[in-house]
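The values are calculated or read from the model by the stated rules, or taken from the named source; none is laboratory data. None of the values given here were measured: they were computed from a predicted structure. With ideal geometry, Cβ positions are generated from the backbone for all residues, glycine too; neighbour counts draw on all protein chains shown. Surface areas here come from the heavy atoms of the whole protein model, side chains and all, with no ligands, DNA or RNA. Shrake-Rupley method; radii C 1.70, N 1.55, O 1.52, S 1.80 Å.
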Amino acid sequence: MRRFAAALLLALALTPGTVSAHGEAPRAAHGGLMQEAQALWVELVVKGTDVAVYVVDHDHKPVPAAQVSGTATVLVGGQSYKVELNAAGDCVQGRLPAPVTGNVVATVALKVGGKAVSARFTGKA
């Protein structure tokens, strides 16, 4: 089952994204990877075992972390880990059991104000 999940995560990460209907992507304010997700922008920051997700609206204004919940599924060394994200300051965050080195392959599934939002990421975060 884990191999299937890892293969699925990798396949989703390599699938080309769609063209943005909401203008230019905002600058990644925290040095992470930006991705458009259902009229919002999601920034993923992964440093070692720490995973942080920041959400901004189409006007590039931060969405309060209290309105955001969800999970991140991160591929680490061929192993897929699902991390629960909890509000902490201006982001939602979680911790991986093993540190990420090199490129990040991840999917994020969030509820933002009760609305389902998802994004996939590949790159150096």
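Restricting the first member to segment 48-63 and to residues that are surrounded by 16 or more Cβ atoms within 10 Å (Cβ to Cβ) and modelled with pLDDT under 95, and the second to residues that are part of a strand (DSSP E or B) and small (G, A, S), no beta-carbon pair is closer than 6 Å while six or more apart or on different chains. Out of the residues in segment 92-103 that are free of Cβ contacts under 8 Å to residues at least 24 places away in the same chain and over 14 Å from the mean Cα position of the chain (by Cα), which is most open to solvent (accessible area, probe 1.4 Å)? Going through the qualifying residues, I end up with T101. Applying the set (1) farther than 14 Å from T49 by Cα; (2) open to solvent by less than 70 Å² (accessible area, probe 1.4 Å); (3) of a type outside the set (S, T, N, Q) to G89 leaves exactly one unmet item: (2). Being of a type in the set (A, V, I, L, M, F, W, C), modelled with pLDDT of 90 or more, assigned to a strand (DSSP E or B) and more than 14 Å from V45 (Cα to Cα) is the requirement here; does A119 meet it? Criteria not met by A119.
So, in segment 52-100, how many residues would count as being of a type in the set (K, R) and closer than 19 Å to E36 by Cα? Looking only at that region, the number is 1. Scanning segment 64-91 for residues that are of a type in the set (G, A, S) and in contact (Cβ under 8 Å) with a residue 40 or more places away in the chain yields S69, G70, G78, S80.
Only a single criterion out of (1) among the acidic types (D, E); (2) open to solvent by 70 Å² or more (accessible area, probe 1.4 Å); (3) modelled with pLDDT of 95 or more is not satisfied by E43, namely (2).
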